[in-house]
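Bear in mind these aren't lab numbers, they're just calculated from the coordinates by the rules spelled out. Fair warning: this is a prediction, and the values are worked out from it, not measured in the lab. In this analysis, Cβ positions are derived from the backbone assuming ideal geometry, glycine residues included, and neighbour counts consider all displayed protein chains.
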Amino acid sequence: MQEVLLMIQIAKTIKKERLRRGMTQEALAEYLNTTKTTISKWENASLYPDITMLPKLAKVFNISVDDLLYYSTTMTDEEIKKISISLSKMINHTSYPEYLATVREYYITHCNEFKFLNSLLGILLNNILYCENELQLKETASLTHEIIKTTEDNSDSIHLKKHAQGYKTLLYMFEGDYSSVIENTPDFDLKIGENATLAIAYLQKDNISKAKNVIQTDMYQSLMIFMHDFALMLSRDLHSVSIESLELKLYHLNQAFNVDYLYPHLSINCYYQFALYYVEKSDSRAIDYLKNYCKCFDYLVSDFVYQKDDFFNEIDEWLDTLALGERLPANYENTLSVMYSLVSENEHFNTLENFKYIKKDLLRIYNKKDESN
C-alpha cells in the first residue's frame, strides 16, 4: 500500500512540476532521452520511474530528490485571498502591462494550483475593460484562454473545470464571439435541485448547521442571479408587461427580501432604468427613483461587500470559499466612478425639478469613498 501511495505522489509531482516549468510531455521526454508514452505513464501512475531517473527529474525541476518523492504544496485559502485582493486592487495603481505581467508570473509559478487559477480567471475578466488597446485585449484573452485550458486539461475537480468553462463563455462575450457563446451554452440548463438534496442529506445526518449553510447560500445566489436577470430585462426591454408591473414586482421583492440592501449593485441598475422611463414622460416619479438610486449608491460606497441580513445569516462558509472573501468581485474605484457619472452627467435628468439636489447628494456619497479607504 505504501508503495502505491508513493507512486501516486511521484506521479502528481512530475505532472505539477512539468506544468510549472511550462514543459510539454514531449519536451520532458526529449530531455530525459525517453518517450512521451513513458512520461504519460509516469503521470497517470501506471509506471514507476527507474531509480536512475529520479536525480535527472529532480535536476530538470530544480528540486531535491526528497522533494520529488514527498512533494506537497498547496496554497491556503488565505494565501489565495490575499494575492487575489492585491491583484484586484493593483489595476488602479500601476500600468495595465505591468498588472498583466504580474498575473502571468503568478500563473507560471502556480500553474498546478487550480483553485488559485480560477481566482486569476475571475480577476482577469473583471479587469479586462481596463485594456487600453486591441493588443492588450488580445494578450489578456490569450493568457485567459491558456489558464482555462490548463485547468480543463489537468484539474481533477469537476467544479473547477465547470467554473473555468463559465469564464470561457464570458471571455467569448468580451471578444465579441457571440457564436461561440451560443454554441457552448445551452438555452435551458436543467436544474435538479442538488443543493436542496444536499441540505436534506445533511439533515439526515443531524448536521443542521451545514444544511442551513447550503440552503441559504443556494437561495442567496439564486436571488442574486434573478436580480441580475431582472435588471437585464429592464435595460434591454426583454419584458412583455408594463413598466408599472415591473415596478410593483421589485417593490414586493424588496418587501420580502430587502434586495436593495443585499444587492445594491444590481438594484441600482433597475432604479436607473425606471428613472429614464419616467424622465422621458416628464413624470416626477423619476426623482423618486433617483433617490432610490442614491440609497443603493450609499450602500455600495459604505460597504462594497456581499451583504447579509437576518434571513441570510448562515452564508459565511460560502463567502470564505471566494477568492476575494466577502468583497464584491467588481473593481471598487471604477464601479463607483461609473455609477456616479451615469446619473450626474446624464443630460436627460437636467430637465427634472430638484435634480440639482440629487447631484449634490450623489457627490456627497461619492466623496465618502475616500473615508472608507
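Quick notes
- Measuring between their Cα centroids, the stretch 142-174 and the stretch 35-53 lie 28 Å from each other.
- Partner lysines whose Cα lies under 16 Å from the Cα of Lys81, excluding those fewer than 8 positions away in the same chain, are identified as Lys89, Lys115.
- Residue-wise HN-Hα couplings along the stretch 319-327, as the Karplus relation 6.51 cos²θ - 1.76 cosθ + 1.60 with θ = phi - 60° gives them from phi, are 4, 5, 7, 7, 4, 9, x, 6, 5 Hz; Gly and Pro carry x.
- Among the trypsin sites (Lys or Arg not before Pro) in the stretch 271-373, those placed in a DSSP loop whose Cβ has at most 13 other Cβ atoms within 10 Å are Lys281.
- Spatially proximal lysines relative to Lys59 (Cα-Cα < 23 Å; intrachain offsets below 8 disregarded): Lys12, Lys15, Lys16, Lys36, Lys41
- P(r), alpha carbons of the stretch 218-364 - 5 Å bins starting at zero, rounded %: 2, 9, 18, 22, 19, 15, 9, 4, 2, 0
- The stretch 307-373-the stretch 270-300 distance, computed between alpha-carbon centres (Å): 15
- Rg/Rg_globular for the stretch 171-265, with Rg_globular taken as 2.2 N^0.38 Å and Rg from C-alpha atoms: 1.41
- Of Ala45, Ala275, Ala323, the one that fluctuates the most in a GNM where the chain has Cα springs shorter than 10 Å: Ala45
- Under 5 Å from the amide H of Val305 lie the amide H atoms of Leu328, each residue being 5 or more positions distant or on a separate chain, with H modelled from the backbone and absent for Pro and chain starts.
- Fluctuation leader among Leu124, Leu238, Leu160 - the chain, Gaussian network, Cα springs under 10 angstrom: Leu238
- In this simple spin-label approximation, Leu198 and Leu319 carry label points 7 Å from Cα along the Cα→Cβ vector, and these lie 1.9 nm apart.
- For the stretch 1-149, averaging the sequence separation of C-alpha pairs within contact (under 8 Å, six or more residues apart) and dividing by the residue count gives a relative contact order of 23 percent.
- Couplings 3J(HN,Hα) for the stretch 98-108, derived from phi with the Karplus relation 6.51 cos²θ - 1.76 cosθ + 1.60 (θ = phi - 60°), are 5, 4, 5, 4, 5, 4, 4, 5, 4, 5, 4 Hz, where x marks Gly and Pro.
- Value of Rg/Rh across the chain [Cα atoms, Kirkwood radius]: 1.05
- Working from label points 7 Å from Cα in the Cα-to-Cβ sense, the Phe226 to Lys149 distance is 4.1 nm.
- Mean-square fluctuations from a GNM of the chain, with a 10 angstrom spring cutoff on Cα atoms, peak among Cys294, Cys131, Cys111 at Cys131.
- Distance between the 7 Å Cα→Cβ label points at Gln165 and Glu183: 1.6 nm.
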